[in-house]
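The values are calculated or read from the model by the stated rules, or taken from the named source; none is laboratory data. Just so it is clear, the model here is predicted, and its values are computed rather than measured. In this analysis, Cβ positions are derived from the backbone assuming ideal geometry, glycine residues included, and neighbour counts consider all displayed protein chains.
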Number of protein chains: 2
Amino acid sequence: MRIVIVGGVAGGMSCAARARRLDESAEIIVLERGAYVSFANCGLPYYVGGEITDRDALLVQTPEKLAESLNLDVRPLHEVTALDSQAREVTVQTPRGEETLSYDALVLSPGATAFRPSIPGLDSPRVHTLRTVEDAVALRDIVEKGATRAVVLGAGFIGIEAAEALHNQGLQTSIVELASHVLPPLDDEPAWTVTQELRRLGIELHTGVVAETIIPGDTHDTVKLSDGIQLAADLIILAVGVRPETQIFEDAGVNTERGAILVDAHGRTNLPGVWAVGDATASVDSITGIKRPVALAGPANRAGRLVADAILRPETARALPQPLATAIVRVGKVTAAMTGANRAALEGAGIRFTTLHLHPNQHAGYFPGATQVHLTVHINTEDGRILGTQAVGEEGVDKRVDVLATAIRAGLTIDELIDLDLSYSPPYGQAKDAVNLAGMVGANVMDGTLKLWDARDLEETMNDALIVDVRTEVEVHSGMLSGALHIPHTELRGRLDEVTATADGRPVRVMCASGVRSAIAHRVLAQAGFDSASLSGGMLTLRAVLGDRAQDILVIPS
Amino acid sequence: MRIVIVGGVAGGMSCAARARRLDESAEIIVLERGAYVSFANCGLPYYVGGEITDRDALLVQTPEKLAESLNLDVRPLHEVTALDSQAREVTVQTPRGEETLSYDALVLSPGATAFRPSIPGLDSPRVHTLRTVEDAVALRDIVEKGATRAVVLGAGFIGIEAAEALHNQGLQTSIVELASHVLPPLDDEPAWTVTQELRRLGIELHTGVVAETIIPGDTHDTVKLSDGIQLAADLIILAVGVRPETQIFEDAGVNTERGAILVDAHGRTNLPGVWAVGDATASVDSITGIKRPVALAGPANRAGRLVADAILRPETARALPQPLATAIVRVGKVTAAMTGANRAALEGAGIRFTTLHLHPNQHAGYFPGATQVHLTVHINTEDGRILGTQAVGEEGVDKRVDVLATAIRAGLTIDELIDLDLSYSPPYGQAKDAVNLAGMVGANVMDGTLKLWDARDLEETMNDALIVDVRTEVEVHSGMLSGALHIPHTELRGRLDEVTATADGRPVRVMCASGVRSAIAHRVLAQAGFDSASLSGGMLTLRAVLGDRAQDILVIPS
């Protein structure tokens, strides 16, 4: 049996290695268009930034090592140019010329390439992408030759990582992003923390705009933005998204949707004997049910392994999991991570949800180094389903998102998070971990013990309700909402008459710094008969939602 | 309604706070024997060690703050001395004398005290426990007055934390432990890493022995061990376990088992109107079904909250979860954590299991700072049930154990870990995370793709089988098993005849450094018809199981 695999990184190489472990007798040929296989594509920005010093560290495997260890026939600089699924053969452009190669099973793992929007001047030699080892080596070379100004187009994961890398190398770096905030996969609230961290680093942000033209020059290019701003650049990185690299397979009859190869639960395409994995394929989103490409290394690597099973032991092979698209990025001292659906995806799919916001410490508050994990959790309050979560903070972010990704995959409901037995000692967590607390808040919302109001509804809330701010005197002097009634939560029980008088029939909407004290105050008010609700996530979330508008909206009490 | 709570820390105070949030009108009285309530008991060792500098940081709440915020009536220095469940009243020793107090609901959260074995001399004033703020303050005082030699009796969590605290304060510190290794809740393999770290720190270990006598002296005490060694001590810490503090409640008719209060799924004791939570209660172990006290802060805090629900809204209250007894400890640079059952618990309960050992990096190997997470997972290979896991390493240990604790709680089987969508980028993980890899190895074992042999069966394996060591030339020169055949895994396919000749009909047992290459070699051998198996966890696990015996068993090839 001959298995031919197109693409020697992530999904393709995982498939090849697993196939060999299952079958010593199979002939396994891996065709890779580039010069390198199995390289550390997620490590490229860190090589550009100098954190990974040695280029060879990026080369996780070589064809020689793979031949020795796994008896794989790995062929770099071999590009598949055509597929004849009837004849079961591919046409391959090799360093020696064109060849045809027959197969019994064909696995397509061609990946994706950088999307190239139609911007005049985009073909300037100062415009680079960051997808391959060659790209990374070229960029580091330019940096070492003294480039001083960089513009990164796109503030997705790769754009952010590239910008930080160039900043770390001393370049004055700007990011240009069409969306209203950096890291568009994040919701507004966590994205605000990332925005602040990028500003702290000294990276210049241009959001809500596009690059309209790139004007080449002798000494540098000029990037002209849609708001009229012009940015000088010795170096421009294009990172506005990726597109599946599937044209020749489409031409051969492989079914695709918006360029992404359609596969069944075992990675099979519509053509007999042809499977596909990785960035070039479409997956069914586990939360929304929407079909879309998920260009992430983890799912690609794991899918490659499962497709080898599907080819060699179809009767027992596991189905490919529907992705939660868990992702994580480091930005300066901050970590941002997410799993499941974000607000835009839920709204797009017409799924009703309520958002919980929490800001617990990552470990015991009395232990040195306590910092907050800012946690956003979208839930269905009818059935308790956890739809998605996002977290930002300096420590412990990856842990909470991974625990929640596991809970979502296992089908736990939000209230079941109360019962998770998570590791606790002062350096690592709290007796009620952030995830337990999310379960407690969620359960309270589900059974009506807690009613929340959302910072996104600030304007109508300010119009229709009395806002009661239960923070301390000192806290409100850093800024409060105009028209809010200030009663510290410790005094609330004795001042309910004041609330009644000021509310004058309006609903009462409570707030504090993080949502803990306002939840207590809400219980006091609700049991006293008020139509009350507590601001989800408190002032911390409100400021994150308001962003730069906070300074216009918050007032300093006299 | 009057709710009286006996014990103002962890479970008791969680119950009180939740009760108030549910019911503004209830009278809630918390009786605490000690001078402090709601203090950071898990933080005490770090105060002794100087890492927490300020004593007040340990006092998370005060009666005054709890009265203001939650309208709780918190009474320190109030000790309950008798319970009359017929009359629904308790007798209380107060600073003003004895009083009786009636209740509608009574919650017992008396906790546990240090177990005092019958050692002559244990009443020496140089012997201390570490359970209360007063204990911690006294110890720090002694340290600051110039104590130089400490002996810690017991190498459980508190013993280890206390020993490290005293070591950090410059004391020459010894630990005495009856079990064969430190941290008895850990299995041998992970405990070896902790042993090595304690030695690296310079803490002296005496395992497999007990303190037979403490001989008081003018300038210091002398601790005489069962192996004849004598340790001079300015300071002795007693940390050989705890016992529930339940005598007076037993006397009043509360059912107990070996001192621990028996409760139902909602924390109810056998007496009407009496609930119990925390270290003084027995829980049904989630894995073994065995009833035992679980003296951990997390379960106690969460149970306190659920018991408040059970009292105030019994119709909708959640059941208390059966504990997994997830626990974690920091030792120098090392973290050790565990969840579910260990080997001893499984063997004690007669549960069959197979142990997986993995040593993956906590993050991408090519990214600076990669270190190994040494992971041990006990599974049932018939149904895939995950029975328990332990992990040690410098980073990322808490995350993996928490993910596994979530998976166990949710009832995921080992093979389902393959599909967990965990966060990956080079600073945080690997495209196939340690937990995914555990799933892959477990699934391979379940379906027969991989057969493992266990380092604990070394002797019979060396007697009955040919051991094939597939590491490199350089690696085997750091020590290999005598009689093993050395064939680097890259040469194995071409040297199968040699294996046949040397095995001479015996089974073949393969090994490498960590179990990755030997799994590949196993597949080569098994498909070539050999009765083959791969050493679970490789030489790393073998050395951990052998401990100090490794130097006698391993040989340097000539």
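Do we have B:A233 as aliphatic (A, V, I, L, M), touching a residue at least 40 places away in the same chain (Cβ under 8 Å) and outside the structural domain of B:A163 (by TED's automatic domain parsing) here?
Answer is no for this residue.
Under the condition of being assigned to a strand (DSSP E or B) and not aliphatic (A, V, I, L, M), which residue from segment A:313-336 is farthest from A:W275 (Cα to Cα)?
A:T335
Taking the options A:S38, A:S109, A:S25, name whichever one is on the phi > 0 side of the Ramachandran plot and within 14 Å of another protein chain (Cβ to nearest Cβ).
A:S38
Which condition from (1) farther than 29 Å from A:T193 by Cα; (2) among the charged types (D, E, K, R); (3) assigned by TED's automatic domain parsing to the domain that holds A:G393 is the one that A:R302 breaks?
(3)
Under 7 Å between Cβ atoms, at least 6 apart or on separate chains: pull out the pairs that start in segment B:163-190 with a residue that is in the same structural domain as B:G208 (by TED's automatic domain parsing) and end on any residue that is aromatic (F, W, Y).
B:A165/B:Y46
One line per residue, one yes/no per condition, for (1) closer than 23 Å to A:R18 by Cβ; (2) under 21 Å from the mean Cα position of the chain (by Cα):
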site	(1), (2)
B:G369	no, no
B:K399	no, yes
B:T406	no, yes
B:I418	yes, no
B:D433	yes, no
B:G439	yes, no
B:D447	yes, no
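Note down all Cβ pairs under 7 Å where the first residue falls in segment B:320-334 and is more than 7 Å from chain A (Cβ to nearest Cβ), the second is assigned to a strand (DSSP E or B) and aliphatic (A, V, I, L, M), and they're at least six residues apart or on different chains.
Close Cβ pairs satisfying both conditions: B:Q322/B:V284; B:V334/B:V392.
Hey, does segment B:390-400 have a residue that's within 12 Å of chain A (Cβ to nearest Cβ), buried (at least 24 other Cβ atoms within 10 Å of the Cβ) and part of a strand (DSSP E or B)?
yes
Determine, yes or no, whether B:L412 is free of Cβ contacts under 8 Å to residues at least 60 places away in the same chain and outside the structural domain of B:A544 (by TED's automatic domain parsing).
yes
Which residue is surrounded by the most Cβ atoms within 10 Å (Cβ to Cβ), if the candidates are limited to segment A:304-316 and must be more than 23 Å from A:S38 (Cβ to Cβ) and more than 7 Å from chain B (Cβ to nearest Cβ)?
Filtering first and then ranking leaves A:R313.
Going residue by residue through segment B:488-497, is there one that turns out to be closer than 24 Å to B:V445 by Cβ and touching a strand residue (DSSP E or B) at 6+ places or on another chain (Cβ under 6 Å)?
No.
In this structure, does A:K432 turn out to be farther than 29 Å from B:F39 by Cβ and either of a type in the set (K, R) or buried (at least 19 other Cβ atoms within 10 Å of the Cβ) (or both)?
no
Assess whether A:E498 counts as being more than 17 Å from A:D531 (Cβ to Cβ) and either among the basic types (K, R) or over 32 Å from the mean Cα position of the chain (by Cα) (or both).
Here the answer is no, as A:E498 does not meet what is asked.
For segment A:191-256, please list each of the strands (runs of 3 or more DSSP E) lying entirely inside it that holds at least 2 residues being over 14 Å from A:I175 (Cβ atoms).
Here the list reads A:211-215, A:221-225, A:230-233, A:242-244.
For segment B:340-357, state whether one or more residues are in contact (Cβ under 8 Å) with a residue 40 or more places away in the chain, facing chain A (nearest Cβ under 8 Å) and surrounded by 24 or more Cβ atoms within 10 Å (Cβ to Cβ).
Within segment B:340-357, not a single residue is in contact (Cβ under 8 Å) with a residue 40 or more places away in the chain, facing chain A (nearest Cβ under 8 Å) and surrounded by 24 or more Cβ atoms within 10 Å (Cβ to Cβ).
I'd like to verify a number: residues in segment A:95-128 that are within 20 Å of A:M13 (Cα to Cα) and either under 37 Å from the mean Cα position of the chain (by Cα) or outside any strand (DSSP E or B) (or both), how many?
Counting residues in segment A:95-128 that are within 20 Å of A:M13 (Cα to Cα) and either under 37 Å from the mean Cα position of the chain (by Cα) or outside any strand (DSSP E or B) (or both) gives 11.
Condition first: at pLDDT 95 or above, farther than 17 Å from A:V242 by Cβ and assigned to a loop (DSSP other than H, G, I, E, B). Now tell me which residues in segment A:266-287 satisfy that.
Result: A:H266, A:G267, A:T269, A:N270, A:L271, A:P272, A:G273, A:I287.
What's the total number of residues in segment A:246-262 that are crowded, with 18+ Cβ neighbours inside 10 Å and either out of contact with any Leu (no Cβ under 9 Å at 6 or more places or on another chain) or among the acidic types (D, E) (or both)?
Looking only at that region, the number is 1.
Do we have any residue at all in segment A:375-386 that's within 13 Å of another protein chain (Cβ to nearest Cβ) and touching a helix residue (DSSP H, G or I) at 6+ places or on another chain (Cβ under 8 Å)?
Among the residues of segment A:375-386, at least one is within 13 Å of another protein chain (Cβ to nearest Cβ) and touching a helix residue (DSSP H, G or I) at 6+ places or on another chain (Cβ under 8 Å), which makes the answer yes.
Under 6 Å by Cβ, and 6 or more places apart or on different chains, what pairs join a residue from segment B:69-80 that is more than 12 Å from chain A (Cβ to nearest Cβ) and under 11 Å from B:G34 (Cβ atoms) with one that is in a loop (DSSP other than H, G, I, E, B) and basic (K, R)?
So the pair list comes out as B:E79/B:R33.
When the residues of segment A:282-303 are narrowed to those that are away from every other protein chain (no Cβ under 14 Å) and touching a residue at least 60 places away in the same chain (Cβ under 8 Å), which ends up nearest to the chain's Cα centre (by Cα)?
Selected residue: A:P293.
If you check B:M462, B:M440, which single one turns out to be without any contact (Cβ under 8 Å) to a residue 24 or more places away in the chain and assigned by TED's automatic domain parsing to the domain that holds B:I408?
Just one listed residue meets the conditions, B:M440.
For B:L387, only one of the following conditions fails: (1) within 13 Å of B:I287 (Cα to Cα); (2) buried (at least 24 other Cβ atoms within 10 Å of the Cβ); (3) touching an Asp or Glu at 6+ places or on another chain (Cβ under 6 Å). What is its number?
Of everything listed in (1) within 13 Å of B:I287 (Cα to Cα); (2) buried (at least 24 other Cβ atoms within 10 Å of the Cβ); (3) touching an Asp or Glu at 6+ places or on another chain (Cβ under 6 Å), B:L387 misses just condition (3).
Given the conditions (1) buried (at least 20 other Cβ atoms within 10 Å of the Cβ); (2) outside any loop (DSSP other than H, G, I, E, B); (3) in contact with a Gly (Cβ under 8 Å, 6 or more places away or on another chain); (4) not small (G, A, S), and given that B:V80 satisfies all but one, which numbered condition is not satisfied?
Status for B:V80: all satisfied but (3).
Test each condition in (1) within 24 Å of A:V9 (Cβ to Cβ); (2) in contact with a Leu (Cβ under 9 Å, 6 or more places away or on another chain); (3) assigned to a strand (DSSP E or B) for A:I175 and report the one that comes out false.
(1)
Which numbered condition trips up B:I328, out of (1) under 15 Å from B:R268 (Cα atoms); (2) crowded, with 22+ Cβ neighbours inside 10 Å; (3) β-branched (V, I, T)?
Of the numbered conditions (1) under 15 Å from B:R268 (Cα atoms); (2) crowded, with 22+ Cβ neighbours inside 10 Å; (3) β-branched (V, I, T), the odd one out for B:I328 is (1).
Could you tell me whether A:V555 is more than 14 Å from chain B (Cβ to nearest Cβ) and either β-branched (V, I, T) or without any contact (Cβ under 8 Å) to a residue 12 or more places away in the chain (or both)?
Yes, satisfied.
Starting from segment A:492-503, keep only residues that are within 14 Å of chain B (Cβ to nearest Cβ), then list their pairs with residues that are part of a helix (DSSP H, G or I) and small (G, A, S) whose Cβ atoms are within a distance under 9 Å, requiring at least 6 positions of separation or different chains.
Listed by first residue and then by second, the contacts come to A:L492/A:A521.
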